[in-house]
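K.L.:
Let me give you the structure first, and then I'll get to my questions.
The values are calculated or read from the model by the stated rules, or taken from the named source; none is laboratory data. As the structure is a computational prediction, the values presented were derived from the model and not from experiment. Cβ atoms come from the backbone with ideal geometry, glycine included; neighbour counts cover every protein chain shown.
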Amino acid sequence: MIEKANKLRHLVDEVLKSNSLHSHQVNAATKTFEALSGNVRAVVTAAEMQAGKSGIALALCCLQRLSLNDQDICDRKQLKDTLYLVTMPDTALKEQSEQDLKQAKNVVVSNFVNFEKALETEFKGNPPKLIIIDECHYGSNVSAVRYSKIFDYLEQENDKCKVVFISATPFGALYGADTEYQDAIDLQQEAEESNDIQLLQEARDVANNALKDSILRRDFNTRLVFHKTSDEYYGVREMLRNGKVIGLEDNSKNFLYPSQERDSFIEQFLAHQEMGWSLVRVPAGLAMEAKQFLISKGIDEHSIYILGNSLSGVPEDEHCSIERFKKEFDDALLFEDKLIAITVAGARAGINFGAMMKNNLISTWDSTVASVAAVVQANIGRACGYHGNNSSMHYTNLNAAEAYGAILSHLEQTCSDYAASDFDGIREFFEDVCQEYNVNGLDVGLTIKYKRRRPIGDVETYKTDSYIAVPAKLLQESTDFSHYTKDKILLQAIELIRNEFTAKGAPSVKGNRAMRGKKKNWIKAHWVNGDSFNNHEKAQADGTQKIKTKLYTQLLDNGEFLEFNRVVAPGSGELSENKLVTATIFSIYNISRRNVKKIIMTTEDVWDMCDHFGIERDDTLIVLYKRGEYDIERSNAKKQHNELPEKSGELSNESHFSDKTDVTY
């Protein structure tokens, strides 16, 4: 038996060492499998776009096979021990996955719709020991398949089986249902305090449902592993560093709207001397208009292809399948022609470029505005991977691309060497990223509710009582700020803010600070860096931090009313009523994670603000606003606004891009 077992293991080892797998894929699978030890039953593996997730899955299948003892590995009835689930019910995707994993003799490929049938027919008397779920981010979409059935099986019928989730953008799956669960728990506590029995039951129901669908299910002791690519990988972070991502803002993101960015895109395509192609993604219903515009710019209409079928406003003979386009690409490569492919928003466009198409890609244009994952799963994500083209340009949502880069860097630092379990910390980081980069959210397939009148969440309204501006004097161990104010609340806020800089010794440059914990969450802090200080692209309604600070303080100096809620600018579920102080901190020790020219304030910038307030020059300036009296009139007006009749609907701004599927609508 030992000889037979060794022979069978040798066959598996040959797959792991074959050209089908790269060392970085095997390393990622090994870290993932090693994390499935003890009471850990679930691991999320985050792998960058086009980094080889199918290879990781293949290696995982092999490692599962190698983990069997001599008797089990020699038992033919126990050969099938791994179930690979495709999240989307697409036959082409399932077939491609079967092809990708064919070297693993122990895996059965199915999808969420048919997984129960697969368990019944393929694992008779031998339930799977490992379940691998591909593209787990789709499971968090409002209309997507939920995970509760899988978890029910793992808890009630197969408590020995373990599960691995794989995705380039698992944010929503990590974050969405868990956030819903946390919100429900908070609501449950409020109901208990107010003795509201009906509200308490509703909160419990929401919490239970969210818990069933969350891949952070508590009793699975979920871990997170980041797949670190090799040096040859070219992805979103590399594109950002090389200046190959051009931001599309406001009207410029519409390809049919005149803009400098569109002119640059057209000029680059026309000037390209060799064979190449570009991909343009436009709003649904505007594909023909985009084609006519390209023709008007001198591009041969026979070189322009509209990908899809049954598209609104597109004649039947204008539709082109992806397979046909790939053949057209091969012909164009032979004759050194240039092509443009047009696809539309809302499509699940499975454009797996392949190395040759990536190497000849001139540019991409993407009008996606919904979320981080929707942007990077689309055009720019298709151009990632292992290839030699680092000159193609990508016109897209720059904020979302930069947010994705920041998330990747954070995950690489925290969970590429070891599996991470601090999901609360990751959740807080995700919230900070959304606020830092001013993006709508993380998850792909975001479905948002819209109403003619937008409900106001922060209704309890207060006036701003007063403000003070003080130099932080971080290089001094202790400082008496009583000559700036006698107010104990403001003095305590100053010390807590100073401690954020000096808790570990001398102040150092940092890009992620937060006033968390019960002892300091009564302070709302705006940490101003070189980007948010005076970059008008980052400015919100009242302007940049420099402009709004001067505006707010001038209003107070003039004795005018300033709503405290406006100063707080609450986000991520915060409420102004829970804040006693808002602080805006201008400092050379704050740094932006965005890829911009100016990420840190200069000393002169801080001095400029110090001079404005007529205080001693320092490297850090704190402007503190104290909450004033409750404004019952404004609060009631907001509440009445929220009680007006609603006319609501759904706006789906989703963009599901998968490596392996054909275009469907």
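K.L.:
Against the definition (in contact (Cβ under 8 Å) with a residue 24 or more places away in the chain and either assigned by TED's automatic domain parsing to the domain that holds Gly381 or more than 30 Å from Phe353 (Cα to Cα) (or both)), how does Asp81 come out, yes or no? Steps first, answer last, please.
P.N.:
On the way: in contact (Cβ under 8 Å) with a residue 24 or more places away in the chain: yes; either assigned by TED's automatic domain parsing to the domain that holds Gly381 or more than 30 Å from Phe353 (Cα to Cα) (or both): yes.
Answer is yes for this residue.
K.L.:
Further question: Of the residues in the stretch 222-246, how many are modelled with pLDDT under 90 and in contact with a Ser or Thr (Cβ under 8 Å, 6 or more places away or on another chain)?
P.N.:
Of the residues in the stretch 222-246, 8 are modelled with pLDDT under 90 and in contact with a Ser or Thr (Cβ under 8 Å, 6 or more places away or on another chain).
K.L.:
Do we have Glu274 as under 30 Å from the mean Cα position of the chain (by Cα), among the acidic types (Asp, Glu) and closer than 16 Å to Leu361 by Cβ here? If you could, list the steps in order and put the result at the bottom.
P.N.:
Details: under 30 Å from the mean Cα position of the chain (by Cα): no; among the acidic types (Asp, Glu): yes; closer than 16 Å to Leu361 by Cβ: yes.
Against the criterion (under 30 Å from the mean Cα position of the chain (by Cα), among the acidic types (Asp, Glu) and closer than 16 Å to Leu361 by Cβ), Glu274 does not qualify.
So that you can scan it fast, the table gives a plain yes or no per residue for (1) farther than 16 Å from Ala419 by Cα; (2) in contact with a Leu (Cβ under 8 Å, 6 or more places away or on another chain); (3) surrounded by fewer than 23 Cβ atoms within 10 Å (Cβ to Cβ); (4) of a type in the set (A, V, I, L, M, F, W, C):
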site: Val40; (1), (2), (3), (4): no, no, yes, yes
site: Ala57; (1), (2), (3), (4): yes, yes, no, yes
site: Leu66; (1), (2), (3), (4): yes, no, yes, yes
site: Cys74; (1), (2), (3), (4): yes, yes, yes, yes
site: Lys80; (1), (2), (3), (4): yes, no, yes, no
site: Leu83; (1), (2), (3), (4): yes, yes, no, yes
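K.L.:
Here's another thing I want to ask about it. Within the stretch 272-390, considering only strands (runs of 3 or more DSSP E) that don't extend past its boundaries, which have at least 1 residues that are of a type in the set (Gly, Ala, Ser)? Let's see the steps before the verdict.
P.N.:
On the way: elements: 276-282, 304-307, 338-344, 361-366.
So the answer is 276-282, 338-344, 361-366.
K.L.:
Test each condition in (1) surrounded by 14 or more Cβ atoms within 10 Å (Cβ to Cβ); (2) within 20 Å of Ala383 (Cα to Cα); (3) over 33 Å from the mean Cα position of the chain (by Cα) for Ser303 and report the one that comes out false.
P.N.:
For Ser303, the failing item is (2).
K.L.:
What number of residues within the stretch 393-411 satisfy the criterion of being farther than 19 Å from Val44 by Cα and assigned to a helix (DSSP H, G or I)?
P.N.:
Kept after step one, since they are farther than 19 Å from Val44 by Cα, are these residues of the stretch 393-411: 393-403.
Filter once more, so that each one left must be assigned to a helix (DSSP H, G or I): 398-403.
Total satisfying the criteria: 6.
K.L.:
Do we have any residue at all in the stretch 47-66 that's assigned by TED's automatic domain parsing to the domain that holds Ile166, over 28 Å from Ala378 (Cβ atoms) and part of a loop (DSSP other than H, G, I, E, B)? Full working, then the answer.
P.N.:
At the first step, the residues of the stretch 47-66 found to be assigned by TED's automatic domain parsing to the domain that holds Ile166 are 47-66.
Narrowing the set further to residues that are over 28 Å from Ala378 (Cβ atoms) leaves 61-66.
With the extra rule that they be part of a loop (DSSP other than H, G, I, E, B), the set shrinks to none.
The answer is no; no qualifying residue exists.
K.L.:
Something else: How many residues, within the stretch 529-543, are modelled with pLDDT under 80, surrounded by 14 or more Cβ atoms within 10 Å (Cβ to Cβ) and either in a loop (DSSP other than H, G, I, E, B) or in contact with a strand residue (DSSP E or B) (Cβ under 6 Å, 6 or more places away or on another chain) (or both)?
P.N.:
Step one: list which residues in the stretch 529-543 are modelled with pLDDT under 80, which gives 536-543.
Filter again for surrounded by 14 or more Cβ atoms within 10 Å (Cβ to Cβ), leaving 538-539, 542-543.
Now narrow it down to the ones that are either in a loop (DSSP other than H, G, I, E, B) or in contact with a strand residue (DSSP E or B) (Cβ under 6 Å, 6 or more places away or on another chain) (or both): 538-539, 542.
The total comes to 3.
K.L.:
Can you tell me which residue within the stretch 223-256, out of those that are in contact (Cβ under 8 Å) with a residue 24 or more places away in the chain, among the hydroxyl-bearing types (Ser, Thr, Tyr) and in contact with a helix residue (DSSP H, G or I) (Cβ under 7 Å, 6 or more places away or on another chain), is farthest from Ala287 (Cα to Cα)? Steps first, please.
P.N.:
Going residue by residue through the stretch 223-256, those that are in contact (Cβ under 8 Å) with a residue 24 or more places away in the chain are 223-230, 232-242, 244-249, 253-256.
Add one more test, that the residue is among the hydroxyl-bearing types (Ser, Thr, Tyr), and what stays is 229-230, 233-234.
Among the residues that remain, those that are also in contact with a helix residue (DSSP H, G or I) (Cβ under 7 Å, 6 or more places away or on another chain) are: 229-230.
On the way: Thr229: 36, Ser230: 38 Å.
Filtering first and then ranking leaves Ser230.
K.L.:
Within the stretch 504-528, count every residue that is farther than 18 Å from Ile588 by Cβ, part of a loop (DSSP other than H, G, I, E, B) and not charged (D, E, K, R).
P.N.:
Initially, the stretch 504-528 is screened for residues farther than 18 Å from Ile588 by Cβ, giving 514-524.
Among the residues that remain, those that are also part of a loop (DSSP other than H, G, I, E, B) are: 514-522.
Retained after the next criterion (residues that are not charged (D, E, K, R)): 514-515, 517, 521-522.
Within the stretch 504-528, residues that are farther than 18 Å from Ile588 by Cβ, part of a loop (DSSP other than H, G, I, E, B) and not charged (D, E, K, R) number 5.
K.L.:
Among the listed residues Asp250, Asp231, which satisfies the condition of being of a type in the set (Asp, Glu), surrounded by fewer than 20 Cβ atoms within 10 Å (Cβ to Cβ) and on the phi > 0 side of the Ramachandran plot?
P.N.:
Working: Asp231 fails: on the phi > 0 side of the Ramachandran plot.
Being of a type in the set (Asp, Glu), surrounded by fewer than 20 Cβ atoms within 10 Å (Cβ to Cβ) and on the phi > 0 side of the Ramachandran plot holds for just one of Asp250, Asp231, which is Asp250.
K.L.:
State whether one or more residues within the stretch 589-596 are surrounded by fewer than 18 Cβ atoms within 10 Å (Cβ to Cβ) and in a strand (DSSP E or B).
P.N.:
Among the residues of the stretch 589-596, not one is surrounded by fewer than 18 Cβ atoms within 10 Å (Cβ to Cβ) and in a strand (DSSP E or B), which makes the answer no.
K.L.:
Could you tell me which residue of the stretch 76-102 is modelled with the highest pLDDT, considering only residues that are within 25 Å of the chain's Cα centre (by Cα) and part of a strand (DSSP E or B)? Full working, then the answer.
P.N.:
Going residue by residue through the stretch 76-102, those that are within 25 Å of the chain's Cα centre (by Cα) are 84-90, 93, 97.
From what is left, the residues that are part of a strand (DSSP E or B) are 84-86.
Values: Tyr84: 93, Leu85: 87, Val86: 83.
Step by step, filter the stretch 76-102, then rank; the result is Tyr84.
K.L.:
Please work out if Ile306 is β-branched (Val, Ile, Thr) and modelled with pLDDT of 95 or more. Break it down into steps so the answer makes sense when it comes.
P.N.:
Details: β-branched (Val, Ile, Thr): yes; modelled with pLDDT of 95 or more: no.
When the stated conditions are applied, Ile306 does not pass them.
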